[in-house]
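Take a look at the structure set out below.
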Amino acid sequence: MIKKAPSKATIKAETKTIKTKKTKAAETTPERPALSEEATSSVLNRLYDVVQSRKNADPSVSHSARLLSRGTYKIAQKFGEEAVECLIEAVAGRTNLLVGESADVLYHLIVMWVNAGITPDEVWAELARREGTSGIAEKASRPKPPQPTANVTTPDATTQD
């Protein structure tokens, strides 16, 4: 069976529909930032150095200093909020917004590292140690935390059912 070629009117209508969809998508989804030569994982090390340098800075002039001055609980809370926002964008399929939220998560994770005294090199070493190991095997090799013992209570002899 030979298919008939679409008419010029059909092609014109389909082209207009595609252009409209692209325009609407562009209106609702910001463009991804252009990648530069500095857009490598080394930016995480540089960001760590900046956050580390702000550790004793004035909280009124540095966002990192302000977060660090608020303590572990608030740092963890902020990290959790950013992680949830990241998950929301992932589930919604908004990859352009997911990029920005991912950057926020990484920044707040680095603030948490600085607060805890952890360096990126320690994390990179742990990732290197796990490299090439099945995730299932790696998880199974972790030490098991002790399980709490159940408090078994016996009914009081004076109570009646």
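Quick note: the coordinates plus some simple rules give every number you see, no bench work behind them. Treat the numbers as computed from the prediction; the structure is a model and nothing was measured. With ideal geometry, Cβ positions are generated from the backbone for all residues, glycine too; neighbour counts draw on all protein chains shown.
For the stretch 54-130, what does the relative contact order come out to in percent, with C-alpha contacts under 8 Å and a separation of six or more?
On the way: 54 pairs, mean separation 20.2, N = 77.
Relative contact order of the stretch 54-130: 26 percent.
Sorting the segments 56-67, 119-130, 136-147 by their residues' average number of neighbouring beta-carbon atoms within 10 angstrom, most packed first, yields 56-67, 119-130, 136-147.
If we count every other residue with Cβ under 14 angstrom of Ala76's Cβ, Lys/Arg +1 and Asp/Glu -1, where does the sum land? Present the calculation step by step, with values, prior to reporting the outcome.
Values: positive: Arg70, Lys74, Lys78; negative: Glu81, Glu82.
Charge balance near Ala76 sits at +1.
With the simple spin-label model, which puts each label point 7 Å out from Cα in the Cβ direction, the Asp121 to Ser60 separation comes to 3.7 nm.
Mean projected area of the Cα convex hull of the stretch 54-130, taken over all directions, amounts to 6.1 nm². Taking the charge dipole of the stretch 54-130 about its Cα centre, with +1 at Lys and Arg Cβ atoms and -1 at Asp and Glu Cβ atoms, the residue from Met112, Ala83, Ala65 reaching farthest to the positive side is Ala65.
A straight chain from Ser41 to Arg70 at 0.36 nm per residue would run longer than the Cα-Cα distance by 7.6 nm.
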